[in-house]
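> Here it is, the structure, as structure tokens.
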Amino acid sequence: MSTPVASSTVKTTPSVSGNAIVAVLGFCGIVVSLMQTLVVPIIPQLPHLISASPADASWAVTATLLAAAVVTPISGRLGDMFGKKKILIISLGLVVAGSVVCAFADSLIPLIVGRSLQGASVGVIPLGISILRDELPPRKVAGAMAIVSATLGVGGAIGLPIAAAVAQVADWHVLFWMSAVLGLVCAALAAAVIPESSVRNPGRFDFVGAIGLSAALILFLLPITKGGTWGWSDPLTLGLLAGSLVLFLAWGFLQLRTARPLVDLRVSARPHVLFTNLASIAIGFAMYGNSLTLPQLLMAPEATGYGLGLSMVTAGLALAPGGLVMMALSPVSAKLSAWRGPRITLMVGSVVVGLGYTFVYFLSSSVWMIVVGGMIIGAGVGLSYSSMPALIIGSVPISETAAANGLNSLMRSIGTSSAAAVISVVLASMTVTLGTATIPSFDAFRATFVIAIVAAVVSLAFAFLIPRSRPPATAAPHA
């Protein structure tokens, strides 16, 4: 199958400064990633607030995750076809629409619909990274991509304390009015500042591929996220996982025989792309372990002997520096990639993540230790996330940049979803009783740290397997 040719491969000179483009895309990335942690502070009260069971209320998180996984690779392909700016603004419109639906919601179904729309906006980040490749001078692309890529972790880290503080002093609907306003601001800024790239990969949209991938992802991620509730040996859990395997195989078979596939599997199978995506799954797993375990450790009652008794707001503030470190290290990541290559940056990031978890495994008896450990983990995730777009775009045609970055974001989402499943099982299976409450034991937390260390080692192994030399050029050069 021949590689589609872009309608234009000449980089245009934007009428606005590159710094303004980076600032707007970075802000959009932070706002979109905020959606992932927006409801976390109200999860314990959510069943009462919407008159639903705890299992049903958890769909407020699950729906967002599923929508993000399904829509991200599709929005990337649409961006390559119809214009990245156009699809980016539509994605930001989904933030606004979902937020407004949730702001009026007082029952489960509207909340799930709104949260699904919010999750569908996550494609903003890979689209933004692709816009940077199209619009900025080559010397600025690496640093800009590092900044925008880091927003995926930054938004989630700073969103937790902000959302907790708002939920503590105001009605929970205010959270969604706030996100609606932020989405409107992002859309307005994007419309005013971001130029529309002339780089296109026109052709018929692969509806069969999109439906097949969506169905396969839902069948895979649904039991992964709900397996702890349904039971991992439940016939429904096992049946959905088996069904997802069959669908993925059938989808892959059809993609290889489609002239303009949703995902070019031949490009995705190149060692640079394949091993980067596999490393992305492992790093996504390790990153989410930090988000799941350290807040619970900080908020566990002091009476346990290991808990630090912090409130949700205080715990979020203690972990926020980890997210800020991700952003602060973006220039360092870009310089390291320019000096030694993004492959080495990914390897260094994987090592730093492992060191961070090793630190909290041995030192977690005070708040400052958790803060330092979270910052080390954040530094490693920032280095790793910042290197991945450079590895991807150096290996795919410019006309497929958005789709390839969307697929890479999907791989990270699969990693975080798997982490949520595995770590939840560990924390639920190793518990102690304190009064009438059952909480994870200290050994459970340490077990999750070991699992995250293993994930970091797996990421390091995949990064090592990425070929040292860049692959041959697959698109016309651009200045």
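The values are calculated or read from the model by the stated rules, or taken from the named source; none is laboratory data. In this text, all values refer to a predicted model and were calculated from it rather than measured experimentally. Cβ atoms come from the backbone with ideal geometry, glycine included; neighbour counts cover every protein chain shown. Surface accessibility is based on the protein's heavy atoms, side chains included, excluding ligands, DNA and RNA. Shrake-Rupley method; radii C 1.70, N 1.55, O 1.52, S 1.80 Å.
> So if I check each of L297, L308, which one is over 30 Å from F464 (Cβ atoms) and either touching a Ser or Thr at 6+ places or on another chain (Cβ under 7 Å) or among the polar types (S, T, N, Q) (or both)? Give the derivation first.
Numbers: L308 fails: either touching a Ser or Thr at 6+ places or on another chain (Cβ under 7 Å) or among the polar types (S, T, N, Q) (or both).
On inspection, the qualifying residue turns out to be L297.
> Now for a separate question. Please work out if M369 is touching a residue at least 40 places away in the same chain (Cβ under 8 Å), open to solvent by 20 Å² or more (accessible area, probe 1.4 Å) and more than 17 Å from the chain's Cα centre (by Cα). Before you say what the answer is, go through the steps one by one.
Working: touching a residue at least 40 places away in the same chain (Cβ under 8 Å): no; open to solvent by 20 Å² or more (accessible area, probe 1.4 Å): yes; more than 17 Å from the chain's Cα centre (by Cα): yes.
Here the answer is no, as M369 does not meet what is asked.
> Yes or no: segment 409-430 includes at least one residue that is in a loop (DSSP other than H, G, I, E, B) and either open to solvent by 20 Å² or more (accessible area, probe 1.4 Å) or within 30 Å of G231 (Cβ to Cβ) (or both).
Within segment 409-430, one or more residues are in a loop (DSSP other than H, G, I, E, B) and either open to solvent by 20 Å² or more (accessible area, probe 1.4 Å) or within 30 Å of G231 (Cβ to Cβ) (or both).
This table checks each residue for (1) hydroxyl-bearing (S, T, Y); (2) open to solvent by 50 Å² or more (accessible area, probe 1.4 Å); (3) within 30 Å of T293 (Cα to Cα); (4) over 21 Å from the mean Cα position of the chain (by Cα).
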| residue | (1), (2), (3), (4) |
| --- | --- |
| L127 | no, no, no, no |
| T151 | yes, no, yes, no |
| A163 | no, no, yes, no |
| P202 | no, yes, no, yes |
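> Scan segment 336-366 for residues that are at pLDDT 95 or above, more than 20 Å from the chain's Cα centre (by Cα) and polar (S, T, N, Q) and jot them down.
Once the filter is applied, which keeps residues that are at pLDDT 95 or above, more than 20 Å from the chain's Cα centre (by Cα) and polar (S, T, N, Q), segment 336-366 yields only T358.
> Which number in (1) more than 30 Å from I392 (Cα to Cα); (2) modelled with pLDDT of 85 or more; (3) β-branched (V, I, T) marks the one condition that I43 misses?
The number of the failed condition is (2).
> Let me ask something else. Looking for something surrounded by fewer than 24 Cβ atoms within 10 Å (Cβ to Cβ), part of a helix (DSSP H, G or I) and within 14 Å of the chain's Cα centre (by Cα) - is there at least one such residue anywhere in segment 88-111?
No, segment 88-111 contains no residue that is surrounded by fewer than 24 Cβ atoms within 10 Å (Cβ to Cβ), part of a helix (DSSP H, G or I) and within 14 Å of the chain's Cα centre (by Cα).
> Let me ask you something else. Given the structure, is L336 of a type in the set (A, V, I, L, M, F, W, C) and either under 16 Å from Y288 (Cα atoms) or free of Cβ contacts under 8 Å to residues at least 40 places away in the same chain (or both)?
No.
> Further, regarding this structure: Hey, any hits in segment 280-289 for a residue that's hydroxyl-bearing (S, T, Y), in a helix (DSSP H, G or I), at negative phi and open to solvent by 60 Å² or more (accessible area, probe 1.4 Å)?
Just the residues of segment 280-289 that are hydroxyl-bearing (S, T, Y), to begin with: 280, 288.
From what is left, the residues that are in a helix (DSSP H, G or I) are 280, 288.
Narrowing further to those that are at negative phi: 280, 288.
Still in the list and also open to solvent by 60 Å² or more (accessible area, probe 1.4 Å): 288.
Checked segment 280-289: at least one residue is hydroxyl-bearing (S, T, Y), in a helix (DSSP H, G or I), at negative phi and open to solvent by 60 Å² or more (accessible area, probe 1.4 Å).
> Look at A23 and say whether it is more than 21 Å from L410 (Cβ to Cβ) and assigned to a helix (DSSP H, G or I). Lay out the reasoning, then the answer.
Details: more than 21 Å from L410 (Cβ to Cβ): yes; assigned to a helix (DSSP H, G or I): yes.
Here the answer is yes, as A23 does meet what is asked.
> Could you list, in sequence order, the residues of segment 129-149 that are open to solvent by 10 Å² or more (accessible area, probe 1.4 Å) and outside any helix (DSSP H, G or I)?
Of all residues in segment 129-149, those open to solvent by 10 Å² or more (accessible area, probe 1.4 Å) come to 133, 137-143, 147.
The one that is open to solvent by 10 Å² or more (accessible area, probe 1.4 Å) and outside any helix (DSSP H, G or I): P137.
> Every residue in segment 304-317 that is assigned to a helix (DSSP H, G or I) and either β-branched (V, I, T) or at pLDDT 90 or above (or both), please. Before you say what the answer is, go through the steps one by one.
Just the residues of segment 304-317 that are assigned to a helix (DSSP H, G or I), to begin with: 304, 312-317.
Once the filter is applied, which keeps residues that are assigned to a helix (DSSP H, G or I) and either β-branched (V, I, T) or at pLDDT 90 or above (or both), segment 304-317 yields T304, V313, T314.
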